[in-house]
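**Q** Take this structure, written in structure tokens, and hold onto it; I'll ask about it next.
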Amino acid sequence: MISTTANRTSALRARPFLGAASVIALFVALWMALVWSPPDAAMGNVVRILYVHVANAWLAYLAFVVVFLASVAYLWTKRPVFDAIAVASAEIGVLFTGLTLVLGSIWARPTWGVWWSWEPRVITTAVMFAMYVGYLLLRNLSEDLERRATRAAILGIVLVVDVPIVHLSVTWMNALHQLPSVLRPDLSPTLDPAMLASLIAMTIAFTFLYAYLMTARVDIEQRRQARLLAVRA
Amino acid sequence: MTLDRIRLIAAREARAERGQPDGIVSAATFVATLILVESLAVGPLAASQPAVASALFWIAMAFAAILATSRSFERELEDDAIDAVLALPGGRDALYAGKAVALTALMALVAVAGGALSLLLLSLDIALPGHLAIVTVAGVLALPPVVVLFVVLALRLRSRGALVPILVLPVLVPQLVAATNGTAAAMSGDMAGAFGWAGLLVAFALVYSVLGLTIVATALE
């Protein structure tokens, strides 16, 4: 049995502040990425796509790790709010993984000469995208609230294995994709300081955006849960 | 969960299959058809290349495992036998393990039939038959822990026929890559490569067996 009713959490009250923070942070990050940071010696201005591509990929990782944590918490406590967090994060994760693939493809055309390359990072990211689309499908095909949440939580735990595989794939196999330049084992980023600052600013802005989208989507999911629980009662 | 219960469920599967062998017949026919159709699509010359022949074989095996497992659970659902099994103490873990053991045996038979057909139709040369057998055993072992877990997750869902392959195939990517490369290595005489990929397959099977046994009881609640 789901033992608690779906209540609005205090985090949802922070939504307007998160929205404002996202807009401000995105403006600052875009100025840094497009105006302040220097062009790359080899790639020129094409390098600027890095700031959104990497920030998108970071957000996808974050979203799927949150799915995992919320799934564990749901199985542990059976509180519907964790199921709401898991589905919200999975949807945002799928959206940003899709954008990562599209932006990566746009970046690949001028740098690698092709829109798509069968190289490990690209393939493992595409596989991760397919896995979480499957996760959302599983949820949509299940009508019973509790069973859906339990099944989805199990899948959310199993699928997280792919996140480190995606990140480490470039170090395990010979790849066209460049090696990690920020999250490196020796913790020493290889980027120019201005580029690194711009990338960090964009990542912070995207994280605010993620938090804002999460609060909005969790709210929608909690309302849906409340409606379903009311119908069942 | 006791070994007796696992043996009981695996034996029950074998009895059901002997009485009405639709699981093995459909899986073997499916593998044969897929190998034929895929070989025709890429052309016999390309299909007889070790890497291509191995890939065709293992893709067919993955789909056949999904088909056989789904059929096995359909049989349980048709006569509501699954509820009786789940009511047993430790029945959920035993159901997972028993089904996985039964599916391993069934897929081993399908692998022999499908492998013989591939050898015959594509006139394949095998440089290291012993290594090929090891890779095939490891590849077969790596299929059931994943497939049974995902069929259990999709149990009683509408459109599960379409959902299970969507869920299983991305997770089976390491199995497909390792089995294909290991088989191709054994066919072309790369001893170290065949052993390396077989080791990866065994590790994959172990990880998903442990994961499955840990969480399947919750999935069947």
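The values are calculated or read from the model by the stated rules, or taken from the named source; none is laboratory data. Quick caveat: nothing in here was measured; it's all calculated off a predicted structure. Cβ placement follows ideal geometry from the backbone for every residue including glycine, while neighbour counts extend to all protein chains displayed.
**Q** Quick check on my filter: what residues within the stretch B:168-221 are over 24 Å from residue A:164 (Cα atoms) and within 12 Å of chain A (Cβ to nearest Cβ)?
**A** Matches in the stretch B:168-221: B:217, B:218, B:219, B:220, B:221.
**Q** Now a separate question. Criterion first (of a type in the set (A, V, I, L, M) and part of a loop (DSSP other than H, G, I, E, B)) does residue B:126 satisfy it?
**A** yes
**Q** Among (1) surrounded by fewer than 18 Cβ atoms within 10 Å (Cβ to Cβ); (2) under 30 Å from residue A:129 (Cβ atoms); (3) over 14 Å from the mean Cα position of the chain (by Cα), where does residue B:202 come up short?
**A** (3)
Yes/no matrix, rows are residues, columns are (1) at pLDDT 90 or above; (2) under 30 Å from residue A:125 (Cα atoms); (3) surrounded by 21 or more Cβ atoms within 10 Å (Cβ to Cβ):
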site	(1), (2), (3)
A:2	no, no, no
A:9	no, no, no
A:59	yes, yes, yes
A:65	yes, yes, no
A:72	yes, yes, no
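**Q** Inspect all residues belonging to the stretch B:156-171 and state whether any of them is free of Cβ contacts under 8 Å to residues at least 12 places away in the same chain and either buried (at least 24 other Cβ atoms within 10 Å of the Cβ) or closer than 24 Å to residue B:196 by Cα (or both).
**A** Scanning the stretch B:156-171 turns up at least one residue that is free of Cβ contacts under 8 Å to residues at least 12 places away in the same chain and either buried (at least 24 other Cβ atoms within 10 Å of the Cβ) or closer than 24 Å to residue B:196 by Cα (or both).
**Q** Within 14 Å of chain A (Cβ to nearest Cβ), modelled with pLDDT under 90 and over 11 Å from the mean Cα position of the chain (by Cα): which single residue out of B:149, B:157, B:122, B:77 fits that description?
**A** Selected residue: B:157, the only one of B:149, B:157, B:122, B:77 that is within 14 Å of chain A (Cβ to nearest Cβ), modelled with pLDDT under 90 and over 11 Å from the mean Cα position of the chain (by Cα).
**Q** With A:149, A:84 as the choices, which residue is over 24 Å from residue A:205 (Cβ atoms), within 14 Å of another protein chain (Cβ to nearest Cβ) and in a helix (DSSP H, G or I)?
**A** Every option except A:149 fails the conditions.
**Q** Please specify each residue of the stretch A:136-158 satisfying the condition of being of a type in the set (A, V, I, L, M, F, W, C) and within 17 Å of residue A:227 (Cα to Cα).
**A** Listed by number, the residues that qualify are A:145, A:149.
**Q** Check B:30, B:63 and return the single one that is closer than 24 Å to residue B:185 by Cα, aromatic (Phe, Trp, Tyr) and touching a residue at least 12 places away in the same chain (Cβ under 8 Å).
**A** After applying the criteria, what remains is B:63.
**Q** Next question. Check A:214, A:195 and return the single one that is at pLDDT 90 or above and more than 14 Å from every other protein chain (Cβ to nearest Cβ).
**A** Of the residues listed, the single one that is at pLDDT 90 or above and more than 14 Å from every other protein chain (Cβ to nearest Cβ) is A:214.
**Q** Is it the case that residue B:119 is within 15 Å of residue B:57 (Cβ to Cβ), of a type outside the set (Ser, Thr, Tyr), free of Cβ contacts under 8 Å to residues at least 12 places away in the same chain and part of a helix (DSSP H, G or I)?
**A** yes
**Q** Still on this structure, please answer the following. Given the options B:113, B:108, name the one that is of a type in the set (A, V, I, L, M) and closer than 25 Å to residue B:43 by Cβ.
**A** B:113
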